[in-house]
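The values are calculated or read from the model by the stated rules, or taken from the named source; none is laboratory data. Note that this is a predicted model, so its numbers are computed, not measured. Counting neighbours? That spans all protein chains shown, and the Cβs are built from the backbone with ideal geometry, glycine included. Accessible surface is based on the protein model in full, side chains and every heavy atom, while ligands, DNA and RNA are left aside. Shrake-Rupley method; radii C 1.70, N 1.55, O 1.52, S 1.80 Å.
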Amino acid sequence: MNIHHLTALELGSLIKAKQLSAPEVARAFLDASAADNATLNAYTEILEESAMAAATAVQKRLDAGESLSPLAGVPMALKDNICSTEGTTTAASKMLGGYRSPFDAAAVEKLKAAGAVIIGKTNMDEFAMGSSTEKSYYGPTRNPWGKNRVPGGSSGGSAAAVAAGLAPYALGTDTGGSVRQPCGFCNLTGVKPTYGSVSRHGLISYASSLDQIGPMARDAADCAAILSILASLAVDTPHPPTDAPRPPLKIAMPTNHYDLPGLAPAVRAQVLKTADTLRSLGAEIVETTIPLLECTVPTYLIIACAEASSNMARYDGVKYGYRALETPTINDVFCKTRAEGFGAEAKRRILFGTFVLLSENYDTWYRKAVQTREMIKAAYDEALKACDLILTPVSPTPAYEIGANIEDPLEMYLGDIYTASANLAGLPAAAAPCGFDGDGMPIGMQLIGRPYSESLILDTLASYQEATDFHKKRPPSPDSMERGAAK
């Protein structure tokens, strides 16, 4: 038994049964992370000292008979834009290099109370502005399924860590697909919850009306357990299946989503096979059309960049963060600090966001985007009146090679075409493995549901994963992982 191949709930069960201790599990994952991070660059920081202290404290609570979460003592990784008192929180930017948060994010507080052990902060696109984790101050993260491929973004470090067995689960953030797309690229299951159901307190903002914290794990059961800890509002979190009969699910397949010229044939084929599997499990698959697909990415970019322009204004070199040297005037402080502290993609989005908010451009760009957002939301609400869930691909292609789209921002932005709509509409959505392409790279499918229907989405994915084994496949393991095998 290699503990790096187990799910978070399986590890939690072994810890609770005293077959493993929290400190020895933490040590195994810390050792693997230290050995393999030089290859993958999944972590910005490995928190050995605090992780071992936390694991020891959790083990004492368990030994004292305290009732904790099924995930108590299980190691986890935390995206570097989620504040924690352990280590630094830099959002993978020079602008926040060395920043230490004086408080924990609300999501981190909940996980710690449940017995989580944070073993590291994970790499990401700077301030979550990207779809490949190539735009990090710390350099690109590599996909465990293909070291020359991107892991997706902006939560690519979290995805790579879990896929490689360096953490049983992780938290990511999703502004336009940044939990779901990396899960699709790395053969994981991940959830973007209903907007507002998981607190954003302590999350470094990119686009405040779109950002959400979500779990990334090996399967739907793990995601359900994590989400039950994180949820602040009355999310209908998943529960153990029962034998009680349920009415047949109606799952919509928007045909216009499957006819895009950029959709890879392998992706289309595997998601259509997913529909066949769900049909065999009793679901009714209904073909439909959800309009405004071509408006999704432009609307998302205008709104996200406009909000980023506002949120990034706080980084001025005055109160905290990076400050440029040799700045004799206050104007020099602002200009030189921001020129040196932000990377190219962050600057691009800040400038674009500032442009659409200019008084002479506001009505032409920003106001129309807000109006279109409401139309997109209405289109999805209408579709979900007739059906329970919507099935789409996660991304038009599997993971591409590092550097392939770095000079073509538009091509990279179009990778969010299937995912950004859920953020614009505030709907819950989840990604899960559904196959592989001819190169052996993972392919993901997505289910979108009504507000607060996380239970239905994850129960459906759990049934799908009982009938398939895509989520059980593992990338080639580095030798270092074998050192963690239980004797």
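What the table below lists for this structure:
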item	result
Residue match in the stretch 153-168 (condition: modelled with pLDDT of 95 or more and open to solvent by 20 Å² or more (accessible area, probe 1.4 Å))	no
Residue that is surrounded by fewer than 22 Cβ atoms within 10 Å (Cβ to Cβ) and closer than 25 Å to G152 by Cα, where the choices are T88, T56	T88
Evaluation of S67 against (1) of a type in the set (S, T, Y); (2) modelled with pLDDT of 95 or more; (3) out of contact with any strand residue (DSSP E or B) (no Cβ under 6 Å at 6 or more places or on another chain) (one fails), failing number	(2)
Candidate set from the stretch 289-331 (those that are in a helix (DSSP H, G or I) and among the charged types (D, E, K, R)); member that is most open to solvent (accessible area, probe 1.4 Å)	E294
Hits in the stretch 1-19 (condition: assigned to a loop (DSSP other than H, G, I, E, B) and free of Cβ contacts under 8 Å to residues at least 24 places away in the same chain)	A17, K18, Q19
Residue that is over 27 Å from S93 (Cβ atoms) and in a helix (DSSP H, G or I), where the choices are T364, T337	T364
Residues of the stretch 440-470 classified as open to solvent by 20 Å² or more (accessible area, probe 1.4 Å) and within 21 Å of V162 (Cβ to Cβ), total	6
Yes/no for A422 being of a type in the set (A, V, I, L, M, F, W, C), touching a residue at least 60 places away in the same chain (Cβ under 8 Å), over 25 Å from V162 (Cβ atoms) and not in a strand (DSSP E or B)	no
Lone qualifier among D316, D276 - being among the charged types (D, E, K, R), free of Cβ contacts under 8 Å to residues at least 24 places away in the same chain and farther than 22 Å from L458 by Cα	D316
When residues of the stretch 243-288 are limited to those that are of a type in the set (K, R) and either at positive phi or more than 24 Å from the chain's Cα centre (by Cα) (or both), the one most open to solvent (accessible area, probe 1.4 Å)	R246
Unique residue being hydroxyl-bearing (S, T, Y), out of contact with any His (no Cβ under 6 Å at 6 or more places or on another chain), open to solvent by 50 Å² or more (accessible area, probe 1.4 Å) and outside any loop (DSSP other than H, G, I, E, B) when the list is T39, T44	T39
Test set (1) in a helix (DSSP H, G or I); (2) out of contact with any Asp or Glu (no Cβ under 7 Å at 6 or more places or on another chain); (3) touching a residue at least 60 places away in the same chain (Cβ under 8 Å); (4) open to solvent by 10 Å² or more (accessible area, probe 1.4 Å) - A51 fails condition number	(4)
